[in-house]
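The values are calculated or read from the model by the stated rules, or taken from the named source; none is laboratory data. These numbers were taken from a predicted model, which means no experiment stands behind them. Note: ideal-geometry Cβ built from the backbone for every residue, glycine included; neighbour counts use all protein chains shown. Just the protein is used for accessible areas: all its heavy atoms, side chains included, with ligands, DNA and RNA removed. Shrake-Rupley method; radii C 1.70, N 1.55, O 1.52, S 1.80 Å.
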Amino acid sequence: MRATNYKFPENQSNIHEFILLGFTNFNKNIQLFLFPLFLFIYIFTILGNLTIITVSTLDSLLHTPMYYFLRNLSFLEMCYITVTLPKLLNTFVAKRQTIYFYACCTQMYCFFTLGVTECFLLAVMAYDRFVAICNPLRYFTVMNKKTCFKMATVSWISGNLISLGQTASIFSLPYCGPNLINHFFCDIPPVLKLACTDVSANEIAVSVTGFLVLPLPFSLVLYSYGRIIAAIMRISTNKGRKKVFSTCASHFVSVTLFFGTGAFTYVRVKTSDTPDNDKLLSLLYSVVTPLLNPLIYSLRNQEVKGGLKKLIHKKVGIKETKANVNSSNNE
């Protein structure tokens, strides 16, 4: 169906679909390299986060507040990378990559919801580590099941509400052409460029939202890690200090990468005039961060490794028992 034959509600849009350019302007050799690379990243990210969810769910020793939030984060990261990467992979093999108007709207809503939720969830996780290290005797009293559930729920609800308002505002604008999105997904800055009206108010709204959503949770992260570092400095042994420092440093790098690239993209929407640079920045928080989180938060964690080994040994033991039973029956 051609765009000219499709009728949207009056005063909304006469565009039926958008065309995602992705990385099609890159050299063909680069594209041939990027497809298997992104495919590997997607598979590894899904399997890594799925492993974290499975192990922390089945191992009763990991039923703690920290791993409750990690399960939330892992599920979020699986959804986060699934919103964008399969569509990106498709741009490498499809001659003309289109996305319908309402599909573009849905993608933006989901992506923005997950991104905002992650901002709040990372702040909650930093607070959890702060309580665990600086107030260990009161940890399970402060971070009880009810509190953890409320914190996670507020993070998800906040992400949905903020995203709903922004997405509804952006897609209520008229879009009458062109319909080329110079990005690999329906992100806010490149979509706003296609509106057939003055978008100054929308750009200000996005920037204000960025100022509220990014710096406030990040300030809580900085405060929590500042208190954690102060507590670490009071540890008497160098070995103990080094162990906690290495864990906190890796967490903080991941958090800074996510907040930093997100702030640079959304707080300065109006000056976004370098599409290729914007795509690379978007890759950092939409692809690289979900890839790193399983490594940083859990797969390097001895407790998760121990839980994974127990799970594997249990499965192997069950298979060996079944094999022995079958062998005895045959005899």
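Could you check, for region 29-47, whether at least one of its residues is assigned to a helix (DSSP H, G or I), at pLDDT below 75 and more than 18 Å from L194 (Cβ to Cβ)? No - not one qualifying residue is present in region 29-47. I'd like the full set of residues that are farther than 15 Å from L283 by Cα, open to solvent by 10 Å² or more (accessible area, probe 1.4 Å) and touching a residue at least 60 places away in the same chain (Cβ under 8 Å), limited to region 174-188. Across region 174-188, the qualifying residues are P174, C176, G177, N179, L180. The residues of region 206-225 that are part of a helix (DSSP H, G or I) and either open to solvent by less than 40 Å² (accessible area, probe 1.4 Å) or acidic (D, E) (or both), listed by number, are V206, S207, T209, G210, V213, P217, V221, S224, Y225.
Is it true that Y109 is touching a Cys at 6+ places or on another chain (Cβ under 7 Å) and either closer than 21 Å to V213 by Cα or modelled with pLDDT of 90 or more (or both)? For Y109, the condition - touching a Cys at 6+ places or on another chain (Cβ under 7 Å) and either closer than 21 Å to V213 by Cα or modelled with pLDDT of 90 or more (or both) - is not met.
Residues to consider are L164, L73, L89; find the one that is open to solvent by less than 60 Å² (accessible area, probe 1.4 Å), modelled with pLDDT of 90 or more and within 26 Å of V288 (Cα to Cα). Steps first, answer last, please.
Details: L164 fails: open to solvent by less than 60 Å² (accessible area, probe 1.4 Å); L89 fails: modelled with pLDDT of 90 or more.
Of L164, L73, L89, the one residue that is open to solvent by less than 60 Å² (accessible area, probe 1.4 Å), modelled with pLDDT of 90 or more and within 26 Å of V288 (Cα to Cα) is L73.
Would you confirm whether any residue within region 14-28 is part of a helix (DSSP H, G or I), out of contact with any Gly (no Cβ under 7 Å at 6 or more places or on another chain) and free of Cβ contacts under 8 Å to residues at least 40 places away in the same chain?
Taking region 14-28 first, the residues part of a helix (DSSP H, G or I) are 28.
Now drop any that are not out of contact with any Gly (no Cβ under 7 Å at 6 or more places or on another chain), which leaves 28.
Still in the running and free of Cβ contacts under 8 Å to residues at least 40 places away in the same chain: 28.
Yes, the conditions are met somewhere in region 14-28.
Screening T24 on (1) open to solvent by 30 Å² or more (accessible area, probe 1.4 Å); (2) under 20 Å from the mean Cα position of the chain (by Cα); (3) at pLDDT below 85 shows it passes everything except condition (2). Of all positions in region 126-134, at least one carries a residue that is surrounded by 14 or more Cβ atoms within 10 Å (Cβ to Cβ), under 30 Å from K279 (Cβ atoms) and modelled with pLDDT under 95.
The residues in region 136-146 that are exposed (fewer than 13 other Cβ atoms within 10 Å of the Cβ) and within 10 Å of P65 (Cα to Cα) can be counted, and the count is 2.
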